[in-house]
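Below is one structure, written out as structure tokens; the observations come after it.
The values are calculated or read from the model by the stated rules, or taken from the named source; none is laboratory data. What you see is a predicted model, and the numbers here were worked out from it, not measured in a lab. Methodologically, a virtual Cβ is constructed for each residue, glycine included, from the backbone with ideal geometry; neighbour enumeration extends over all protein chains shown.
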Amino acid sequence: MASFSIAANRIYSRPFLKEEAKRSKLKPAPAAGLDRMYVAASVASTPPSLRLAGQSRVKPQKDVRIAVLGASGYTGSEIVRLLANHPNFGITVMTADRKAGQSIGTVFPHLSTQDLPNMVAIADADFSEVDAVFCCLPHGTTQDIIKGLPKSLKIVDLSADFRLRDISEYEEWYGQPHRAPELQEEAVYGLTEVLREDIRNARLVANPGCYPTSIQIPLVPLVKENIIKPLNIIIDAKSGVSGAGRGAKEANLYTEIAEGIHSYGITRHRHVPEIEQGLSDAAKSKITVSFTPHLMPMSRGMQSTIYVEMSPGVTIDDLYRQLKVSYEDEEFVKLLPAGVVPHTRHVRGSNYCLMNVFPDRIPGRAIIISVIDNLVKGASGQALQNLNLMMGFPEITGLHYLPLFP
């Protein structure tokens with residue numbers, strides 16, 4: 001649903017926020033300066049053919065100037081796609097060292113309709129006309145780059161470089177020493193629905209990994225309320241191949257991935273300490289999990305099937321009620337009706353997390369299923385949620401893309 005007003009021969013529309021519904025049935029017009037159509041949809045932007053007759057094509061002025069570092073990767077391109085419908089954020093700088101000098105449309109033809117600056121090498125980027133940065137670079141390269149950015153910039157880092165508070169744990173799992181420990185002390189972990197107020201006041205946010213997002217969203221409320229035991233948590237997670245990045249790797253070739261399931265990182269996947277850090281914070285005691293990820297022959301999508309042991313006297317209905325209470329006012333986290341199974345195809349291209357809880361055949365145990373799009377809620381969509389908060393905008397701004405189906 002959207003609110004509309006007509007002024008100066010222009011039509012304005014924007015998302016109808018839940019809090020507005022509670023206040024009034026009459027919707028105010030959006031702020032001046034939004035001179036394009038903005039609708040909740042699965043398309044990137046309003047094509048010229050749909051603009052009002054006689055309206056000159058004027059590029060709207062955006063309040064916040066954005067740099068996307070690593071725009072030629074999957075998460076970088078997804079940021080560009082999502083920002084196409086953002087009324088306040090406009091891209092002024094894009095970097096891609098190996099693609100420097102090229103337009104985003106030459107690298108990603110699906111983005112060729114966007115009027116954006118050419119990509120440049122990071123060393124040549126001018127940050128004087130930038131207010132905030134999405135850093136979509138590989139882990140291990142991000143620390144030095146962020147350390148060299150102006151301190152005035154708000155930064156959301158989509159790599160793993162600032163997710164682990166303990167820098168010795170980072171060295172253990174990523175095989176290299178942390179090169180910006182002073183920034184690690186400043187970084188705030190960006191699981192939006194759980195740490196919203198911390199994120200709002202942060203300068204540097206470490207965006208969560210895709211697997212940890214799909215796992216922590218359902219588990220944190222249950223762990224925090226002690227209605228599941230902090231022992232014997234088993235997580236069987238599956239991801240589309242885009243989760244492995246865009247770099248050329250033999251293991252990710254079509255013939256290696258198609259018509260099968262590829263287990264990897266068994267007992268040593270780098271997301272394990274991130275998952276355990278978040279769950280241990282919720283429990284206020286150390287939690288260790290058993291986690292096995294798998295690549296599936298699909299482009300995007302992620303499912304985490306989680307097996308837990310309920311606390312004495314707790315029932316499946318108690319778990320369901322706790323999840324319902326925890327997320328009933330959240331825009332992007334949805335608990336499905338009892339008995340309905342979440343599927344990855346129902347979140348594709350969107351920022352939603354769908355989940356549900358089921359009784360196991362083993363008495364006292366429960367099965368939780370959580371699904372997200374690994375590139376949106378698992379990466380770029382959550383990053384946009386976080387930057388919205390950091391810049392003082394409603395966190396759902398620019399994220400009303402409905403899932404693509406079929």
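The residue pairs whose first member lies in the range 137-158 and is over 18 Å from Ala379 (Cα atoms) and assigned by TED's automatic domain parsing to the domain that holds Gln385, whose second member is part of a helix (DSSP H, G or I) and at pLDDT 95 or above, and whose beta carbons are closer than 6 Å, counting only pairs six or more residues apart or on different chains, are Pro150/Phe127. Figure legend. Inter-residue proximity from the range 373-402: first residues in contact (Cβ under 8 Å) with a residue 60 or more places away in the chain, second residues of a type in the set (Asp, Glu), beta-carbon distance below 7 Å, spacing 6+ or different chains. Indicated pairs: Leu375/Glu78; Val376/Glu78; Ala379/Glu78; Ser380/Glu78; Gln385/Glu395; Leu389/Glu395; Ile396/Glu331. Against the list (1) touching a strand residue (DSSP E or B) at 6+ places or on another chain (Cβ under 8 Å); (2) closer than 24 Å to Val241 by Cβ, the condition Tyr74 fails is (1).
Scan the range 351-367 and give yes if some residue there is part of a strand (DSSP E or B) and of a type in the set (Asp, Glu), otherwise no. The answer is no, given that none of the residues of the range 351-367 is part of a strand (DSSP E or B) and of a type in the set (Asp, Glu). Of all residues in the range 198-218, those satisfying the criterion of being among the charged types (D, E, K, R) and part of a helix (DSSP H, G or I) are Asp198, Arg200. Scanning the range 174-197 for residues that are surrounded by 16 or more Cβ atoms within 10 Å (Cβ to Cβ) and either closer than 21 Å to Phe89 by Cα or touching a residue at least 40 places away in the same chain (Cβ under 8 Å) (or both) yields Tyr174, Leu183, Tyr189, Gly190, Leu191, Thr192, Glu193, Val194. Return only the number of the condition from (1) crowded, with 24+ Cβ neighbours inside 10 Å; (2) in a loop (DSSP other than H, G, I, E, B); (3) touching a Ser or Thr at 6+ places or on another chain (Cβ under 8 Å) that Leu404 does not satisfy. Here Leu404 clears every test but (1).
Matching residues to (1) under 27 Å from Asp97 (Cα atoms); (2) at pLDDT 95 or above; (3) assigned to a loop (DSSP other than H, G, I, E, B):
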| site | (1), (2), (3) |
| --- | --- |
| Phe134 | yes, yes, no |
| Leu149 | yes, yes, yes |
| Asp161 | yes, yes, yes |
| Ser168 | no, yes, no |
| Glu172 | no, yes, no |
| Gln184 | yes, yes, no |
| Glu193 | no, yes, no |
| Arg196 | no, yes, no |
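Annotation note: Cβ proximity below 6 Å between a residue of the range 248-260 that is surrounded by 10 or more Cβ atoms within 10 Å (Cβ to Cβ) and a residue that is at pLDDT below 75 (sequence gap 6+ or interchain) occurs for Asn252/Ala244. Filtering the range 296-307 to residues that are out of contact with any Lys or Arg (no Cβ under 7 Å at 6 or more places or on another chain) and surrounded by fewer than 21 Cβ atoms within 10 Å (Cβ to Cβ) leaves Pro297, Met298, Ser299, Thr305.
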